[in-house]
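The values are calculated or read from the model by the stated rules, or taken from the named source; none is laboratory data. For clarity, every value in this text was computed on a predicted model and none was experimentally measured. Cβ placement follows ideal geometry from the backbone for every residue including glycine, while neighbour counts extend to all protein chains displayed. These area figures cover heavy atoms from the full protein model, side chains too; ligands, DNA and RNA do not enter into them. Shrake-Rupley method; radii C 1.70, N 1.55, O 1.52, S 1.80 Å.
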Amino acid sequence: MIYLDYNATTPVLPAVWKTMEPYFADEWANPSSAHSFGLRAHQAIDRARARVASLVGVESRQIVFTCSATEANNTALSAAVQARDKKRKIVTTATEHSAVLNFCSAVARRGVEVQIVPVLPSGVVDVEALSEALTPDTAVLSMMWANNETGVVNPVEHIAELCLERGILFHCDAVQAAGKLPIDLEDLSIDYLTISAHKLFGPKGAGALALGTRTPFTAMLYGGHQEDDRRGGTENVPAIVGFGRAAEMAQAEQPFWSERVRGLRDELESRVLAEIPGTYRNGIDAPRIANTTNIGFDGIDSETLVSLLDQEGICVSSGSACLSDSITPSHVIQAMTGSYDKAHEAVRFSLSHLNNSDEIAEVLRCLRFAVERCR
Ligand code: PLP
C-alpha cells in the first residue's frame with residue numbers, strides 16, 4: 001500500500017504506541033480515583049497536558065482534552081455563543097470543515113445568525129469580506145488555520161488582530177496546522193484553538209482545545225469534575241498519553257518533517273502537472289502547508305480516479321474523509337472556483353515524512369495509466 005492520505009489520519013508512531021501501551025495493560029486506573037493507582041494515571045494526563053500545551057505555546061491549565069477535534073470545535077463555538085448572549089452572530093468561512101459548518105447550520109436553525117464569508121480563488125479567506133462581516137453584533141469568528149483539502153494557509157495573525165480590536169472571540173481550527181507549522185499562542189490573540197491527536201501521528205479518540213487566558217468557557221459535557229469541570233467524563237487515558245507523546249515529537253521534529261515532505265510533495269505535484277495533460281493545481285498563489293496538494297484532472301470524475309488508484313494499492317481522496325460518503329463534490333473546491341465540475345475533478349494528495357521517492361514514482365506511473373483509463 002502507498003498511503004497519500006495523511007490529512008485524513010496518520011498512523012500511531014511506534015514511539016507513541018510504546019508510551020501508550022502501559023495505560024492499556026498495567027496502568028488502567030481511573031484517573032479520578034483517590035488511590036495512588038489512580039493518581040499515577042492522573043499524573044500521566046498531566047504530563048501529556050504539558051506536552052500538548054507546549055506544542056501550541058500555552059500553559060497546561062489552558063488545555064482541555066476532548067475526544068476529537070469535532071468535539072473541540074463544537075465546544076468552542078457553543079461556549080462563545082453562550083458567553084456573548086447579546087451578540088448572536090457567528091462568522092465563519094466557506095471552506096471550513098464540516099465540524100464547524102454543520103455546527104453552524106444546527107444553531108442557525110435555533111435562531112443564531114450565521115454569516116459565511118467567501119474565499120478567494122486561491123483558497124485564502126477574502127479578508128475584505130471578512131472584515132465587513134465582523135460587525136458589532138458578532139460573538140465569534142471561526143476560521144481554520146490550514147485547509148484540510150488544499151493545505152492553503154489563512155492569514156491567522158492578521159485576523160486575530162482584527163478580532164481583538166473589535167472585541168470578537170476568535171476560534172481557530174488548527175487541526176491541519178499543528179505538527180506542520182509552528183504555533184505559538186503566546187504571540188497570538190486566539191481564544192479557542194482546536195487540535196487533534198490522530199492528525200499528528202497520535203491515536204484516534206483524543207483532541208484538545210487550547211483556551212486563551214481570559215477566554216470565556218462553558219462546558220458542553222456535564223458530569224464529573226474531570227478537566228477542571230470543563231469536560232465531564234472519564235478520560236481516555238491511553239489516547240491522551242499518546243497525544244502527549246505525539247505532540248512532543250511533532251514539536252521537536254516539525255521543521256525536519258516539513259522540509260522532507262515538501263520535497264516529496266513538490267516532486268509529485270510538479271511531475272503530475274508536467275507529465276499528465278489536462279491537470280491543474282487548486283490553491284495557486286497561496287501559502288500552503290508542506291504536505292498537501294490538490295490537483296484537478298480535466299473531465300475526470302475524481303471518485304473514479306480515486307477508486308482506480310485504490311485498486312493499485314494507492315490511498316488518496318477526493319475531499320475530506322468525513323464527507324466521503326456524500327454525493328456532493330468538495331464544498332472547498334466549489335467555494336474557490338465557483339464550479340461544480342472543477343469540484344468533481346479534484347483529488348487530494350496528502351503526504352508525510354514517512355513517504356519516499358520510490359512511492360512518488362510508483363504513484364506517477366499508476367496515475368498516468370488510471371487517468372488514461374478514465375478518459
Ligand atoms: N477540522 C479539520 C480541519 C479536519 O481536517 C478534521 C478531520 O478531518 C477535523 C476538524 C475533525 O477532526 P476529528 O476527526 O478529530 O474530529
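Some notes on this structure:
- For the stretch 190-197, the criterion of being touching a residue at least 40 places away in the same chain (Cβ under 8 Å), more than 16 Å from the ligand (Cβ to nearest atom) and not basic (Lys, Arg) is satisfied by at least one residue.
- Close Cβ contacts (under 6 Å, 6 or more residues apart or on different chains) running from residues in the stretch 278-306 that are small (Gly, Ala, Ser) to residues that are surrounded by 19 or more Cβ atoms within 10 Å (Cβ to Cβ) and assigned to a loop (DSSP other than H, G, I, E, B) comprise GLY283/GLY123; GLY283/THR150; ALA286/GLY123; ALA286/VAL124; GLY296/GLU345; SER302/SER318; SER302/GLU345.
- Inclusion of GLU186 among residues that are within 23 Å of LYS89 (Cα to Cα) and more than 14 Å from the ligand (Cβ to nearest atom) is not warranted.
- Residue-level check: of (1) buried (at least 21 other Cβ atoms within 10 Å of the Cβ); (2) closer than 22 Å to THR337 by Cβ; (3) more than 16 Å from the ligand (Cβ to nearest atom), PRO155 misses just (1).
- Among the residues of the stretch 180-230, those that are in a helix (DSSP H, G or I) and more than 22 Å from TYR23 (Cβ to Cβ) comprise LEU185, GLU186, ASP187, ASP229.
- Only a single criterion out of (1) of a type in the set (A, V, I, L, M, F, W, C); (2) in a loop (DSSP other than H, G, I, E, B); (3) over 26 Å from TYR3 (Cα atoms) is not satisfied by ILE159, namely (2).
- Qualifying positions in the stretch 20-63 - under 28 Å from the mean Cα position of the chain (by Cα) and among the aromatic types (Phe, Trp, Tyr): TYR23, PHE24
- Selection status of VAL52, within 16 Å of the ligand (Cβ to nearest atom), outside any loop (DSSP other than H, G, I, E, B) and over 27 Å from VAL124 (Cβ atoms): yes
- Test: ASP85 is at pLDDT 95 or above, more than 16 Å from the ligand (Cβ to nearest atom) and surrounded by fewer than 20 Cβ atoms within 10 Å (Cβ to Cβ): no
- Enumeration of residues in the stretch 164-179 that are out of contact with any Lys or Arg (no Cβ under 9 Å at 6 or more places or on another chain) and either in a strand (DSSP E or B) or surrounded by 23 or more Cβ atoms within 10 Å (Cβ to Cβ) (or both): PHE170, HIS171, CYS172, ASP173, ALA174, ALA177
- Applying the criterion of at least 1 residues that are free of Cβ contacts under 8 Å to residues at least 24 places away in the same chain and more than 21 Å from the chain's Cα centre (by Cα) to the helices (runs of 4 or more DSSP H) found wholly in the stretch 64-148 leaves 98-108, 127-133.
Here is a yes/no grid of residues against (1) touching a Lys or Arg at 6+ places or on another chain (Cβ under 7 Å); (2) over 22 Å from SER122 (Cα atoms); (3) in a loop (DSSP other than H, G, I, E, B); (4) open to solvent by 50 Å² or more (accessible area, probe 1.4 Å):
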position: ARG281; (1), (2), (3), (4): no, no, no, yes
position: ILE284; (1), (2), (3), (4): no, no, yes, yes
position: THR304; (1), (2), (3), (4): no, yes, no, yes
position: LEU308; (1), (2), (3), (4): yes, yes, no, no
position: GLY319; (1), (2), (3), (4): yes, no, yes, no
position: ALA335; (1), (2), (3), (4): no, no, no, no
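- Any hit, the stretch 344-366, residues being in contact with a strand residue (DSSP E or B) (Cβ under 6 Å, 6 or more places away or on another chain), within 27 Å of VAL119 (Cβ to Cβ) and in a loop (DSSP other than H, G, I, E, B): yes
- Here the condition is being modelled with pLDDT under 95 and in the same structural domain as SER60 (by TED's automatic domain parsing); of ASP173, ASP187, it holds for ASP187 alone.
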